[in-house]
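Participant: Can you read through this structure? Questions will come right after.
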Amino acid sequence: MQSQTYLATVDVSISANQYIDPNAARIRIGELGKVWLEDQAAVMKPSSFHSLESSWRIHVEPAWGKVQVAAVRFSDVRAWATELAAQRSATTTIRSYGILAGILDVAVKDRRIAENPARGVKLPRKAALRILGGVRRSGVA
């Protein structure tokens, strides 16, 4: 009976063009990341792309490159972002998280996964820049 229910669910999702093939989610973040970076390089200024590529190479790829898309969990992304925020600036954390989330957004659009497990992670805020006496100061209250 369970197999019939499963098959009926699959048939309905195929008919509604919402079927997600479990095999498609076996691709690794590293494989999708390379394609995602190529897409970004095509639309970004080289100076902006450099910081993105650097964050990928230093922070995202070592942590997530060998992980299958289907294996990414919200709690794992949250723990990684928290650890990164403890070691690096808010800007670096936000950029690195954005890369991972962007790659997973593409996986959703490609119907590799149903939803993006990275979305909803709380990130550190950048310190506000204030100008006091003509001098830029970061985080001064």
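Participant: Can Val106 be described as at pLDDT 95 or above, open to solvent by 50 Å² or more (accessible area, probe 1.4 Å) and out of contact with any strand residue (DSSP E or B) (no Cβ under 6 Å at 6 or more places or on another chain)?
Facilitator: It is true that Val106 is at pLDDT 95 or above, open to solvent by 50 Å² or more (accessible area, probe 1.4 Å) and out of contact with any strand residue (DSSP E or B) (no Cβ under 6 Å at 6 or more places or on another chain).
Participant: Tell me, please, whether a residue that is at pLDDT 95 or above, open to solvent by less than 50 Å² (accessible area, probe 1.4 Å), over 15 Å from Val60 (Cβ atoms) and touching a helix residue (DSSP H, G or I) at 6+ places or on another chain (Cβ under 9 Å) can be found in region 14-26.
Facilitator: The answer is no, given that none of the residues of region 14-26 is at pLDDT 95 or above, open to solvent by less than 50 Å² (accessible area, probe 1.4 Å), over 15 Å from Val60 (Cβ atoms) and touching a helix residue (DSSP H, G or I) at 6+ places or on another chain (Cβ under 9 Å).
Participant: Also: Over 18 Å from Ser55 (Cβ atoms), touching a Gly at 6+ places or on another chain (Cβ under 7 Å), aliphatic (A, V, I, L, M) and at pLDDT below 95: is that true of Ala127 in this structure?
Facilitator: Yes, satisfied.
Participant: If you don't mind, there's one more thing I want to ask. Kindly provide the set of residues from region 46-91 that are touching a Phe, Trp or Tyr at 6+ places or on another chain (Cβ under 8 Å) and surrounded by fewer than 18 Cβ atoms within 10 Å (Cβ to Cβ), ordered by number.
Facilitator: Scanning region 46-91 gives a single hit, Ala63.
Participant: If you don't mind, there's one more thing I want to ask. Could you look through region 102-118, keep only residues that are without any contact (Cβ under 8 Å) to a residue 60 or more places away in the chain and not in a helix (DSSP H, G or I), and pick out the one that is farthest from Trp56 (Cα to Cα)?
Facilitator: Glu115
The values are calculated or read from the model by the stated rules, or taken from the named source; none is laboratory data. It should be emphasised that the depicted structure is a prediction, and the values quoted were computed from it without experimental measurement. Every residue, glycine among them, receives a Cβ derived from its backbone with ideal geometry; neighbour counts consider all protein chains shown. In case anyone asks, the SASA skips ligands and DNA or RNA and just uses the protein heavy atoms, side chains included. Shrake-Rupley method; radii C 1.70, N 1.55, O 1.52, S 1.80 Å.
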